[in-house]
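*Asks:* Pasting a structure below so you can have a look.
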Amino acid sequence: YDTSIDQVKELLTDIAKNHALILQDKDIFVRLSKHNSSSLDFTMRVWAKKENYWDVFFDLQELVKKRFDQEGIEIPYNKLDVYQK
């Protein structure tokens with residue numbers, strides 16, 4: 001919730017626009033899709049040739065994580081604090 005929605009959308013769009021296997025003549029779809037208790041979920045939809053589907057899928061997973069790290073965007077994880085008396 002601390003990161004700008006517009007910033008995330010711009011980063012995801014930039015990643016997609018710069019991937020060689022993503023078809024650039026099709027629209028790139030990036031939208032906020034869900035409000036969770038500790039995170040915001042985004043949906044990114046791109047087009048690729050079917051033989052490139054898995055390469056694009058896994059590349060995007062890695063590229064998004066690396067780019068978020070560079071930009072200081074944290075991916076929220078559930079945390080549990082346990083106190084013992």
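*Asks:* Any residue in the range 10-29 that is at negative phi sitting within a Cβ distance under 7 Å of a residue that is part of a helix (DSSP H, G or I) and hydroxyl-bearing (S, T, Y)? List the pairs, counting only those 6 or more apart or interchain.
*Replies:* Pairs found: I28/T13.
*Asks:* Let me ask another. Tally time: how many residues in the range 1-35 are surrounded by 13 or more Cβ atoms within 10 Å (Cβ to Cβ), in a helix (DSSP H, G or I) and in contact with a strand residue (DSSP E or B) (Cβ under 7 Å, 6 or more places away or on another chain)?
*Replies:* Of the residues in the range 1-35, 5 are surrounded by 13 or more Cβ atoms within 10 Å (Cβ to Cβ), in a helix (DSSP H, G or I) and in contact with a strand residue (DSSP E or B) (Cβ under 7 Å, 6 or more places away or on another chain).
*Asks:* Out of D27, D59, D55, which single residue is of a type outside the set (A, V, I, L, M, F, W, C) and under 13 Å from the mean Cα position of the chain (by Cα)?
*Replies:* Only one candidate passes the filter, namely D59.
*Asks:* Another question, if that's okay. Residue pairs, Cβ under 8 Å, 6 or more apart or interchain, first in the range 36-61 and under 16 Å from L11 (Cβ atoms) and modelled with pLDDT of 95 or more, second of a type outside the set (V, I, T) and loosely packed, with under 11 Cβ neighbours inside 10 Å. List them.
*Replies:* T43/S33
Per-residue answers, yes or no, for (1) surrounded by 10 or more Cβ atoms within 10 Å (Cβ to Cβ); (2) more than 19 Å from L32 (Cα to Cα); (3) hydrophobic (A, V, I, L, M, F, W, C):
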site: R45; (1), (2), (3): yes, no, no
site: N52; (1), (2), (3): yes, yes, no
site: L60; (1), (2), (3): yes, no, yes
site: D81; (1), (2), (3): no, yes, no
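The values are calculated or read from the model by the stated rules, or taken from the named source; none is laboratory data. Please read all numbers here as calculations on a predicted model, not as lab measurements. For neighbour counting, all protein chains shown are included, and Cβ atoms are generated from backbone atoms with ideal geometry for every residue, glycine included.
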